[in-house]
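Participant: Sharing a structure, written as structure tokens. Questions coming.
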Amino acid sequence: MRVTIDEDKCCGYAACLSVAEKVFDLAADNIAAVLVEHPQGELADQAREAAAACPTSAIILLDDTE
Amino acid sequence: MSPREVVIVGASVAGVAVADELRRLGFEGRLVLVGDEPHPPYDRPPLSKDLLTGRTEPDRIRLREPAHYTDRGITLMLGVPAVRLDGRRVELADGRVLTPDAVVIATGARARSLGEPRPTLVTLRGLDDALHLRRRLADGTRLVIAGGGFIGAEAAASARALGADVTLIEAAPLPFAHLLGDEMAAALVRPHREAGVRVLTGTPVQRVDRAGGTENVLLADGQVVHGDLVLAGLGSIPNTGWLDGSGLDIGNGVRCDATGATALPGVCAVGDVAAWYEPGLGRHVRHEHWTSATEQARTVAARLLGRSPKAVPGAGVPYFWSDQYGARIQSLGNPELADETHVVHGSLDEGSFAVLYGREGRLIGAAGRDAAAHVMRHRRAITAAPFPLQPTGGT
Ligand SMILES: Cc1cc2nc3c(=O)[nH]c(=O)nc-3n(C[C@H](O)[C@H](O)[C@H](O)COP(=O)(O)OP(=O)(O)OC[C@H]3O[C@@H](n4cnc5c(N)ncnc54)[C@H](O)[C@@H]3O)c2cc1C
Ligand code: SF4
């Protein structure tokens, strides 16, 4: 899985960081930053929770197709 | 066992989230969303913020694009209220009757008013309210807001941005003090005054009369404030009227267990209309926040499909945000129960700060202004120390 942020949609609520603080952080401009681009195991679950929790659906999860 | 048909009553944040989660979890049966508003489902938080100031428009606050519903086979029945629930039989105002295997009650809440509404005595809950208010707010319009809570405070900030003359009236000595403590509340009231809002505290509104084209707002201490427009921001009342006679346990909201189930089999409730049992507090609590609505929706969808809802770390921790004067305020956990506070970032005299709230030495909440990361990173820690407040305990 690859995690990216749609920076036009992100409004800096930091809901992502509250469920997956190891995967996301907030940059100085209040836009989420991805710390772990290819999370595995528990971190992957947390990234999925974060995507569901994001109020603006700004977290995009892509399947790794290899 | 998985139901064949689910009817969700209330087509807003919570209802749409239940529908989406049911499909995401693989539910293939018929899925109907009933809503009394004619508009396609939209998001409410912008109503007092960017939609009110004109920075965004109705078509940009839709929860989903129209194709989202057709693609997922979600049938929308909009512009028609449900008027009765009998077992799992849902009666609509136009005479249609739905008989699904499961019903989700997601009818939200309505704003408490100050009397029979008129064009100059209004509330702010729906899109039509926001558009009406926006049309009336112009440079110099005298707006009187009763209630200094989130909606009142946000409306004050938005109305000032439009050049209105704003008076904010709060019954308590300091708005938000009961929720966030005196120090943080004092920091939150300052921007109102700096923006030129007249803030009157410690005196509730008693009555509003219209005379000679002016709204006269009478306060408990005898003062009269004159305005062109009065907005009540006095909290909300759950929309449970259509459930009269259903046999459901209704107090301040539809009483549910800790996973959204009501006493009627196959009937759940979510969002602003629902009061879920909180084991940690030993009572039912009606949360009125966007995030609780979506978290509850995920739990209920899993439950309806017979799966045990996956425990989300940090779920169940109350969370809300509020945007005022270009700053974002966030609160997590139960700061109102704190017996100590610590400023851990910035200072209360500055624009940006974060405060941690403790009780009996445990972290129970965090709040701040323009300090999202400093507040939100404590969510897991706040959950890790769940707060076992017994009904008889505490102070
Ligand atoms: C102006 C405003 C600003 C807000 N700002 C924030 C914020 O910044 N942060 C935050 O966390 N929360 C905020 N909230 C709260 C948040 O919007 C609510 O918690 C959320 O909308 C709850 O969703 P819900 O689906 O449970 O209820 P609602 O959004 O109230 O939706 C219920 C829907 O059901 C419909 N309905 C009612 N009765 C019937 C019936 N009998 N039949 C059919 N349909 C019916 C209603 O018309 C409505 O469309 C704000 C709310 C308002 C009003
Ligand atoms: S939850 Fe969404 S909007 Fe909020 S910071 Fe994270 S990505 Fe951005």
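Read-outs: derived from the displayed coordinates by stated rules, not from any lab. Here the structure is a predicted model, which means the values were calculated and not measured. Please note: Cβ atoms are built from the backbone with ideal geometry, for glycine as well, and neighbour counts cover all protein chains shown.
Participant: As I understand it, the dipole of the protein assembly as shown uses +1 on the Cβ of Lys and Arg and -1 on the Cβ of Asp and Glu, about the Cα centre. Which of B:P117, B:L47, B:L92 lies farthest toward its positive end?
Facilitator: Projecting each Cα onto the dipole axis, the largest value belongs to B:L92.
Participant: Further question on the same structure: Search the structure for amide H atoms under 5 Å from the amide H of B:R328, placed 1.01 Å from N in the peptide plane, and list their residues when 5 or more places away or on another chain.
Facilitator: Residues meeting the criterion, in which the H sits 1.01 Å from N, are B:D370.
Participant: Please average, across the residues of A:21-27, the number of beta carbons from any other chain that are within 10 Å of each residue's own beta carbon, and give a whole number.
Facilitator: The shielding value for this peptide is 3.
Participant: Right, next: Let me know the charge dipole size of region B:113-232 about its Cα centre in debye, to the nearest 20, where only the beta-carbon of Lys, Arg (+1) and Asp, Glu (-1) is charged.
Facilitator: The calculation lands at about 260 debye.
Participant: How much length is gained on full extension from B:A381 to B:A258, taking 0.36 nm per residue of separation minus their Cα-Cα distance?
Facilitator: Net length gain for the segment: 42.2 nm.
Participant: Once you have the Cα-Cα distance between B:L25 and B:A211, take 0.36 nm times their residue separation minus that, and quote the gain in nm to one decimal.
Facilitator: Extending this stretch completely gives an extra 61.2 nm.
Participant: Find the Cα radius of gyration of the protein assembly as shown, compare it with 2.2 N^0.38 Å by division, and give the number to two decimals.
Facilitator: Taking N as the residue count of the protein assembly as shown, the ratio is 0.98.
Participant: If amide H atoms are built 1.01 Å from N in the plane of the peptide, which residues on other chains or at least 5 residues away come under 5 Å of the amide H of B:G79?
Facilitator: When sequence neighbours closer than 5 places are left aside, the close amide H contacts are B:G35, B:D36, B:E37.
Participant: Now a separate question. Could you pull out every residue, at least 5 positions away or on a different chain, whose amide H is within less than 5 Å of the one on A:A33? Hs are placed 1.01 Å off N in the peptide plane, and Pro or chain starts have none.
Facilitator: Amide H neighbours of A:A33, under 5 Å, 5+ apart: A:D25, A:L26, A:A27.
Participant: Taking the Cα centre of chain B as origin, sum charge times position over the Cβ atoms of Lys and Arg (+1) and Asp and Glu (-1), and report the length of that vector in debye to the nearest 20.
Facilitator: Roughly 700 debye for chain B.
Participant: Farthest toward the dipole's positive end in region B:155-244, which of B:A195, B:T240, B:G181, given Cβ charges of +1 (Lys, Arg) and -1 (Asp, Glu) about the Cα centre?
Facilitator: The listed residue farthest towards the positive side: B:A195.
Participant: Under a point-charge model restricted to the Cβ atoms of Lys and Arg (+1) and Asp and Glu (-1), what is the dipole moment magnitude of chain A relative to its Cα centre, in debye to the nearest 20?
Facilitator: 160
Participant: Got a sec? How would B:W242, B:W276 order by Cβ neighbour count within 10 Å, fewest to most?
Facilitator: Ranking B:W242, B:W276 by Cβ neighbours within 10 Å, fewest first, gives B:W242, B:W276.
Participant: For a bin width of 10 Å, list the pair-distance distribution of region A:2-62 built from all Cα-Cα distances, rounded to whole %.
Facilitator: Reading the bins upward from 0: 28, 63, 9.
Participant: Additional query: Taking 7 Å along the Cα-to-C-beta vector as the label spot, tell me the B:L348-B:V97 distance in nanometres, rounded to one decimal.
Facilitator: 6.0
Participant: Once the Cβ-Cβ distance between B:R112 and B:T201 is put in as r, and R0 is 25 Å, what FRET efficiency do you end up with, to the nearest 0.05?
Facilitator: Between B:R112 and B:T201 the formula returns 0.85.
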